[in-house]
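Read the structure below first, then the notes.
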Amino acid sequence: MIKSSFFERNLKYLFPLPALIFVIALMVFPVLYTLFISFSDWTLTSGRPLVFAGLSSYMKILSEPRFLDAVGRTFYFTIGAVLAEAVLGLTIAVILNREFRGKNPLKFILLLPLVATPVAVGIVFNLFYDPTIGFLNYVLSLFGLPQSGWVTDSTSVLPSLMLVDIWQWTPMIALIVLAGLAGLSSEPYESAKVDGATPVQIFFRITLPMITPTILTAIILRAVDALKTYDIIYAMTGGGPGYSSETLNILAYKYSFEYFNLGQASSILVFLFFLVLLFSLGVMKLRKRFEM
Amino acid sequence: MKQSLRFRILFPIIVLLIIIPMLFPFLWMLMSAFKTQVDIISWPPKFIFSPTMVNFYKVFNEQNFLLYLKNSMIVGVGAVSFSLLLGLPAAYSIARFHQKKLSVMILVARLMPGISFLMPWYIVFSRLGLMDSYTALILSHILIALPVVVWIMSSYFETVPREMEESAMVDGATMQHAFVSIIIPLSVPGIVTSVTLSFIFSWNNFMFSQVLSMEKTRTLPIAVYNFMSYAEVDWGGVMAAAVAIMTPAIILTMIFQKYVVKGLTMGAVKG
């Protein structure tokens with residue numbers, strides 16, 4: 001055996017070390033720091049130093065209607081948008097899952113919303129939604145339908161924002177499912193055809209069960225991102241009108257960087273952190289069950 | 001499979017029904033960027049108008065747009081370079097030594113809400129006098145780019161046959177030498193994928209720069225947003241700015257289409 005150096009013997013620890021140190025310094029440490037601040041009373045603008053306050057920040061947040069509403073809205077937004085994206089994305093993928101001319105340019109078009117800058121997307125949709133000059137109210141008027149206030153009306157603001165999310169992220173689910181469909185083996189299809197199965201039977205009995213783990217993973221990734229949606233909402237409404245489109249991420253931003261109420265901001269962040277963590281773990285487990 | 005006549009007529013129509021809603025916002029943005037304010041606010045909306053360059057002229061001359069463009073470039077290139085430096089060896093080690101815990105940690109970094117690190121960063125960076133500095137911005141954007149690099153590259157390295165580096169090591173090369181001179185050159189497609197995606201994610205990021213940058217290091221997404229918040233919205237200017245910010249990402253996507261599709265879909269399909 002050739003004698004190996006210290007570096008080589010410990011390559012397995014040394015190679016990931018720089019990345020590990022970085023992640024600990026910039027992610028693990030900040031999260032712990034946030035956890036620490038959440039047990040304190042600290043408002044940056046007051047000039048007073050941090051005071052340890054136990055669970056009082058959590059108590060205040062839990063009795064704050066704005067927080068409870070934001071929790072509800074975050075779930076409503078995530079579930080509504082992601083369900084629509086999953087159904088539409090799956091439909092698009094199944095339609096496009098065949099060879100035809102122009103498939104590659106079509107895939108490029110599907111990629112466009114995914115790489116578009118969310119803030120700019122939000123602004124473009126604001127122009128669409130504008131109650132007086134917007135294109136969408138023009139379309140409604142063509143069909144003789146009543147005009148909508150879209151993002152300027154507290155009753156329609158959340159569905160309008162969800163529509164933007166759906167526009168931007170449906171292609172992601174479609175592309176993931178398409179890639180999954182392309183990787184399926186053709187064997188079950190051939191024997192199904194021999195048995196004279198109809199296309200509908202083939203879809204529900206063969207395609208759907210085989211593609212379920214892929215769809216579920218796509219849904220997890222998407223849902224985790226939807227829970228954190230920030231750019232579009234901030235750019236389009238800033239959480240308004242009033243508080244009517246304030247989700248947890250927007251609320252946490254306002255408590256941190258507008259009110260500088262770091263104690264309560266941290267308790268919102270800890271809540272959001274655990275929500276995302278639980279959600280990811282839960283659906284990962286669910287996915288394992290579907291895998292054979 | 002034989003295609004019926006009904007299918008051959010219906011299929012293109014269905015495809016158009018998918019494409020038009022995807023493309024229309026881009027078309028409208030592009031058209032509005034070349035309209036005068038009068039044309040934009042006219043009712044009913046105009047599809048035919050005489051194009052003007054005045055919005056682009058305004059964006060690039062009156063606003064400090066070129067500075068913000070430069071800032072976005074510096075931050076994106078800086079963050080992606082450091083992420084490769086940190087991420088490639090880590091990804092390689094995850095792939096070769098099956099370090100499951102490490103890869104879960106990187107996944108968690110990808111999933112966690114950015115704002116839960118942002119507030120502590122804000123406190124620390126302002127104490128260190130690093131607010132409005134490239135250092136702070138690049139550090140924060142590495143946390144966007146690094147998980148992408150590790151995520152994509154660890155599954156890429158698994159596809160590189162082990163014999164490659166083993167034969168080099170039989171010839172007396174060290175493992176780290178084999179990594180740099182054999183594995184990395186073999187992994188160019190994977191690196192292209194991760195560089196493209198992580199650059200686009202950094203380019204599009206709004207929240208980190210919104211908090212950590214001010215006038216000097218402001219990046220493009222913040223500049224575009226600031227266009228909106230003036231008293232009266234100059235829609236033409238905003239749309240020109242939106243076109244300007246989206247163009248580089250779209251060009252990158254056009255060049256590296258295959259890689260971008262792979263990068264965006266691989267995690268979910270493979271698990």
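Just so it is clear, none of the values below were taken in a lab; they were calculated from the coordinates. Predicted model only: the values in this text are computed from it and were never measured. As a convention, Cβ positions derive from the backbone with ideal geometry for all residues, glycine included, and neighbour counts pool all protein chains shown.
Per-residue mean of foreign Cβ neighbours for B:18-31 is 5 (Cβ atoms of other chains, 10 Å radius). Structural descriptor for chain A: relative contact order 28 percent, calculated from alpha carbon pairs under 8 angstrom and at least 6 residues apart.
The count of lysine pairs in chain B whose Cα atoms are under 23 Å apart, excluding pairs fewer than 8 places apart on the same chain, comes to 11.
The alpha carbon radius of gyration of the stretch B:80-142, expressed as a multiple of 2.2 N^0.38 Å, is 1.35. Result for chain B in a Gaussian network model with C-alpha springs under 10 Å: among B:LEU220, B:LEU27, B:LEU17, the largest mean-square fluctuation is at B:LEU17. Over the stretch A:7-121, the hull volume per residue, using the convex hull of the C-alpha atoms, is 264 Å³. In this entry, the stretch B:146-271 is assigned a mean projected area of 10.7 nm², taken as a quarter of its C-alpha convex hull surface. Taking the empirical scaling 2.2 N^0.38 Å for compact globular proteins as reference, the stretch A:40-102 has a Cα radius of gyration ratio of 2.16. Spatially, the stretch A:5-67 and the stretch A:108-132 are offset by 34 Å when compared through their Cα centroids. Considering chain A as a Gaussian network with a 10 Å cut-off on Cα pairs, which listed residue, A:TYR76, A:TYR259, A:TYR234, attains the greatest mean-square fluctuation? Looking only at A:TYR76, A:TYR259, A:TYR234, the biggest GNM fluctuation is shown by A:TYR259. Average 1/r across all pairs of distinct alpha carbons in the stretch A:65-290, invert it, and you get the Kirkwood radius: 19.6 Å. For the stretch A:65-290, lysine pairs with C-alpha atoms less than 26 angstrom apart, excluding pairs fewer than eight positions apart on the same chain, total 4. Over the stretch B:15-141, the reciprocal of the mean inverse Cα-Cα separation, the Kirkwood hydrodynamic radius, stands at 19.5 Å.
At q = 0.13, 0.18 Å⁻¹ the log10 of I(q)/I(0) for the stretch B:53-270 amounts to -0.82, -1.26, computed by Debye summation with a single uniform scatterer per C-alpha, solvent ignored. Counting only other chain Cβ atoms within 10 Å of each residue's Cβ, the peptide A:28-41 averages 3.
In summary, the helical segments of chain A meeting the span-like criteria, namely a full DSSP H run, a Cα extent along the axis of 24 angstrom or more and a mean Kyte-Doolittle hydropathy of at least 0.0, are A:65-96, A:157-182, A:208-227, A:262-290.
Computed over the stretch B:93-209, the alpha-carbon pair-distance distribution with 5 angstrom bins reads 2, 10, 17, 17, 16, 13, 10, 8, 4, 2, 0, each value a whole percent. Each part gets one Cα centre, and for the stretch A:250-271 versus the stretch B:152-186 those centres are 46 Å apart. Its Kirkwood hydrodynamic radius, worked out from the mean inverse distance over all distinct Cα pairs, puts the protein assembly as shown at 25.5 Å. How far, in degrees from 0 to 90, does helix B:235-255 lean away from the longest principal axis of the Cα atoms of chain B, to the nearest 10? In chain B, helix B:235-255 runs at an angle near 30 degrees to the longest axis.
Measuring nothing but alpha carbons in the stretch A:81-192 and taking Rh as the Kirkwood radius, the Rg to Rh ratio lands at 1.10.
For chain B, the relative contact order works out to 28 percent when only alpha carbon pairs closer than 8 Å and six or more residues apart are counted. Residue exposure proxy: A:LYS103, B:LYS35, B:LYS101, ordered by other Cβ atoms within 10 angstrom of their Cβ from fewest to most, comes out as B:LYS101, A:LYS103, B:LYS35.
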